[in-house]
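The values are calculated or read from the model by the stated rules, or taken from the named source; none is laboratory data. From a predicted model like this one, the values you see are computed outputs, not experimental measurements. Reconstructed Cβ throughout: ideal geometry from the backbone, glycine too, with neighbour counts over all protein chains shown. Calculation scope for accessible area: heavy atoms of the full protein, side chains included, ligands and nucleic acids excluded. Shrake-Rupley method; radii C 1.70, N 1.55, O 1.52, S 1.80 Å.
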Amino acid sequence: MATVLIVDDAKIMRLNVRKMVEELGHEVVAEAETGHKGIVAYKKELPDIVTMDITMPGEMGIVDGIDAVKGIIEFHPAAKIIMVTSHGEQDKVIKAIQAGASNYLLKPIQIEKLEEIVNKIIS
């Protein structure tokens with residue numbers, strides 16, 4: 001079982017990801033609606049995995065999910081972060097991976113893909 005932090009500005013996405021994560025037998029330890037709050041939650045909870053939306057409103061100098069990845073990786077270089085992205089954001093996905101993200105998922109998230117990536121990360 002892994003502990004998971006969900007970072008997404010859309011409440012419905014956080015609910016959907018939470019449902020899938022729990023269905024797969026993992027524990028959601030925190031949720032955040034901005035990249036800044038995601039970094040704060042990461043430092044407090046130290047989850048095994050983070051799901052991070054790429055496009056979110058800026059707050060406290062953290063512009064988007066890519067900035068949040070940089071902040072988490074700076075704090076904990078071994079952090080496991082899965083980017084959640086829409087079609088057409090390939091350039092942002094590449095930047096996120098370069099910033100330290102472990103993998104990515106396309107919206108709408110398929111539980112089978114989430115399971116495959118989580119298993120890869122925690123094995």
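Tell me whether region 81-97 contains one or more residues that are hydrophobic (A, V, I, L, M, F, W, C), touching a Lys or Arg at 6+ places or on another chain (Cβ under 7 Å) and touching a residue at least 40 places away in the same chain (Cβ under 8 Å). Yes, region 81-97 has at least one match. Within region 11-26, residues that are within 17 Å of MET52 (Cα to Cα) sit with their Cβ atoms under 8 Å from residues that are surrounded by fewer than 16 Cβ atoms within 10 Å (Cβ to Cβ) and acidic (Asp, Glu), at 6+ positions apart or across chains, in these pairs: VAL21/GLU27. Scanning region 17-28 for residues that are assigned to a helix (DSSP H, G or I) and open to solvent by less than 70 Å² (accessible area, probe 1.4 Å) yields VAL17, ARG18, MET20, VAL21.
Across region 46-62, a minimum of one residue is classified as modelled with pLDDT of 95 or more and surrounded by fewer than 16 Cβ atoms within 10 Å (Cβ to Cβ). Checking each residue in region 109-123 for being free of Cβ contacts under 8 Å to residues at least 60 places away in the same chain, farther than 19 Å from PRO47 by Cα and of a type outside the set (Asp, Glu) picks out GLN110, LYS113. Taking region 12-56 as the range and being closer than 23 Å to VAL93 by Cβ and basic (Lys, Arg) as the test, the residues that pass are ARG14, ARG18, LYS37.
Quick grid of which residues meet (1) under 27 Å from GLU22 (Cβ atoms); (2) among the polar types (S, T, N, Q); (3) surrounded by 14 or more Cβ atoms within 10 Å (Cβ to Cβ):
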position: ALA68; (1), (2), (3): yes, no, yes
position: PHE75; (1), (2), (3): yes, no, no
position: ALA78; (1), (2), (3): yes, no, no
position: GLY88; (1), (2), (3): no, no, no
position: VAL93; (1), (2), (3): yes, no, yes
position: SER102; (1), (2), (3): yes, yes, yes
position: LEU105; (1), (2), (3): yes, no, yes
position: ILE117; (1), (2), (3): yes, no, yes
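In region 5-12, is there at least one residue being part of a helix (DSSP H, G or I), within 18 Å of LEU114 (Cα to Cα) and either at pLDDT 95 or above or open to solvent by less than 40 Å² (accessible area, probe 1.4 Å) (or both)? Checking region 5-12: at least one residue is part of a helix (DSSP H, G or I), within 18 Å of LEU114 (Cα to Cα) and either at pLDDT 95 or above or open to solvent by less than 40 Å² (accessible area, probe 1.4 Å) (or both). With respect to the conditions (1) closer than 19 Å to SER123 by Cα; (2) surrounded by 19 or more Cβ atoms within 10 Å (Cβ to Cβ), GLU31 falls short on a single one, namely (1).
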